[in-house]
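Heads up: the structure comes next, in structure tokens.
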Amino acid sequence: MLSSDPKSPLTFLKDALMPGPYQCYLCDEEDVIGEDGLCDACRSMLKYMPNPTCLQPLDDITVGLQYCDELSAAIMRFKKHGQKEYAGFFTQFLSVPQEWNADILVPVPMHPFKKWLRGFNHTELLASYLSASTGIPYSAKLLFKTKLSLDQKTIRDPAERRRNMRGSFTADPLVKGLRIVLVDDVFTTGATVYECAKTLKQKGAAAVYLSAVTSPSH
Ligand SMILES: [Zn+2]
């Protein structure tokens, strides 16, 4: 039930140390200079960002990078075009602070129909890689998306985004008492992860945090 992925550590190391095909993950043109999979130009362009304001029912948020066009394009290659090698690249920008005392990583779930259409859930891959690098187990069987809602990107109004997500998730009662880290790629208005946190806490989760790769400035 609560399991870490035994295959991921080697894969993660390979991706972290030998990013193939030896091209920058962002511009896809320059030769990779560093073990982070970036050329010098892209590395100097990326900005780490302060963590956004966190509101209940989330207990804390960490975000790696400030959102930019190059990251947006790379995320599209990862989740829409199925380039799964990006999971290792993006995981290096995810963090889980020690003081969270996390019990388990939980990927932000995708509706089964959408997952079937896409073939995989990119946040599950991120969570499995983060599990390999932190030693914290992960499970994609504790939180489920049960309502097929509109794509959040098609909705501008934050209140409408919250309404679109309302009642979209269900959680397993096994979350009771657990300190949970939700894993996601982009933190935008937070409508999705706040609804996830609400659902988990209604089932008794002790704490719910978010670790995301990137976020626009808040
Ligand atoms: Zn580059």
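In the range 52-68, is there at least one residue being at pLDDT 75 or above and farther than 22 Å from VAL108 by Cα?
No, every residue in the range 52-68 fails to be at pLDDT 75 or above and farther than 22 Å from VAL108 by Cα.
Out of the range 86-108, which residues are open to solvent by 20 Å² or more (accessible area, probe 1.4 Å) and assigned to a loop (DSSP other than H, G, I, E, B)?
Residues satisfying the conditions are GLN92, SER95, VAL96, PRO97, ASN101, ALA102, ASP103.
Kindly list the number of the only condition in (1) surrounded by 18 or more Cβ atoms within 10 Å (Cβ to Cβ); (2) under 22 Å from GLY204 (Cα atoms) that fails for GLN56.
(1)
Is it true that PRO137 is closer than 30 Å to SER44 by Cβ, surrounded by fewer than 19 Cβ atoms within 10 Å (Cβ to Cβ), more than 16 Å from the ligand (Cβ to nearest atom) and at pLDDT 95 or above?
no
Exactly one of these conditions fails for GLY190: (1) more than 15 Å from ASP59 (Cα to Cα); (2) at pLDDT below 95. Give me its number.
Only one criterion in (1) more than 15 Å from ASP59 (Cα to Cα); (2) at pLDDT below 95 is unmet by GLY190, namely (1).
Could you give every pair whose Cβ atoms fall below 6 Å, whose first residue belongs to the range 34-52 and is closer than 24 Å to THR189 by Cα, and whose second residue is outside any helix (DSSP H, G or I) and at pLDDT below 90, counting only separations of at least 6 or pairs across chains?
PRO52/HIS218
Kindly state which strands (runs of 3 or more DSSP E) lie completely within the range 152-218 and contain at least 2 residues that are closer than 21 Å to MET49 by Cβ and open to solvent by 10 Å² or more (accessible area, probe 1.4 Å). Give the derivation first.
Values: elements: 169-171, 179-186, 207-215.
In the range 152-218, the matching strands (runs of 3 or more DSSP E) lie at 179-186.
Report, by residue number, each residue of the range 36-53 that is surrounded by 14 or more Cβ atoms within 10 Å (Cβ to Cβ), part of a loop (DSSP other than H, G, I, E, B) and not small (Gly, Ala, Ser).
ASP36, LEU38, CYS39, LEU46, MET49, ASN51, PRO52
So is ILE33 surrounded by fewer than 20 Cβ atoms within 10 Å (Cβ to Cβ) and either of a type outside the set (Val, Ile, Thr) or within 25 Å of LYS115 (Cα to Cα) (or both) or not?
no
Of the residues ARG77, ARG43, only one is of a type in the set (Lys, Arg) and closer than 20 Å to ASP151 by Cα; which? Can you show your working first?
On the way: ARG43 fails: closer than 20 Å to ASP151 by Cα.
That would be ARG77, the only listed residue that is of a type in the set (Lys, Arg) and closer than 20 Å to ASP151 by Cα.
So which residues in the range 76-85 are in a helix (DSSP H, G or I) and more than 15 Å from the ligand (Cβ to nearest atom)? I'd like the intermediate steps shown before the answer.
From the range 76-85, those in a helix (DSSP H, G or I) are 76-79; that's our starting set.
Those that are in a helix (DSSP H, G or I) and more than 15 Å from the ligand (Cβ to nearest atom): MET76, PHE78, LYS79.
Looking only at the range 110-128, how many residues end up being polar (S, T, N, Q) and touching a Lys or Arg at 6+ places or on another chain (Cβ under 6 Å)?
Residues in the range 110-128 being polar (S, T, N, Q) and touching a Lys or Arg at 6+ places or on another chain (Cβ under 6 Å): 1 in total.
So, of the residues in the range 31-51 that are modelled with pLDDT of 90 or more and away from the ligand (no atom under 12 Å from the Cβ), which turns out to be nearest to TYR194 (Cα to Cα)?
Only one residue fits best here, namely TYR48.
The values are calculated or read from the model by the stated rules, or taken from the named source; none is laboratory data. Here the structure is a predicted model, which is why all the values come from computation and not from measurement. A quick note on method: Cβ atoms are made from the backbone with ideal geometry, for glycine too, and the neighbour counts reach across all protein chains shown. All accessible areas refer to the heavy atoms of the entire protein, side chains included, with ligands and DNA or RNA removed. Shrake-Rupley method; radii C 1.70, N 1.55, O 1.52, S 1.80 Å.
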